[in-house]
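Reading through the structure tokens given below for one structure.
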Amino acid sequence: AIARTTRSKVVDLDTSTALLAAEFSRDHSLSVADAVIYATARKHRADLVTSDDHFEGLPGVTYFPKKDR
């Protein structure tokens, strides 16, 4: 995990991303935090890979369901 962070890009939450997040929150019933994550990924043309079912079925998302233990 640490090795991956050295190749990561940190971006600021700017006004245009916040407004996009507000649209995604409204349109997809996402929480504010989830909407900011999704808007940031979409704005930067990044695939969002997650096991969070709130993102399941959204464009640009690769969803891996959590396995039962």
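Just a few scattered comments:
- Straight-line reach from Lys66: taking Cα to Cα under 17 Å and skipping same-chain neighbours fewer than 8 places apart, the aspartates and glutamates in range are Asp52, Asp53, Glu56.
- Bridgeable lysines around Lys43 (alpha carbons under 23 Å apart, same-chain partners fewer than 8 residues away excluded): Lys9.
- Per-bin percent of Cα-Cα distances, the chain [5 Å]: 3, 16, 24, 24, 18, 10, 4, 1, 0
- Per-residue Karplus couplings for the range 27-34, computed as 6.51 cos²θ - 1.76 cosθ + 1.60 with θ equal to phi - 60°, are listed in order as 6, 10, 6, 8, 5, 4, 4, 5 Hz, Gly and Pro entered as x.
- Packing-based ranking of 15-21, 62-68, 2-8 yields 15-21, 62-68, 2-8, ordered from highest to lowest mean Cβ neighbour count within 10 Å.
- Rel. contact order, % - alpha carbon contacts under 8 angstrom, at least six apart, the chain: 20 percent
Values quoted throughout were computed directly from the atomic coordinates according to the rules given, and no laboratory measurement underlies them. Here the structure is a predicted model, which means the values were calculated and not measured. So basically every Cβ, Gly included, is an ideal-geometry build from the backbone, and we count neighbours across all protein chains shown.
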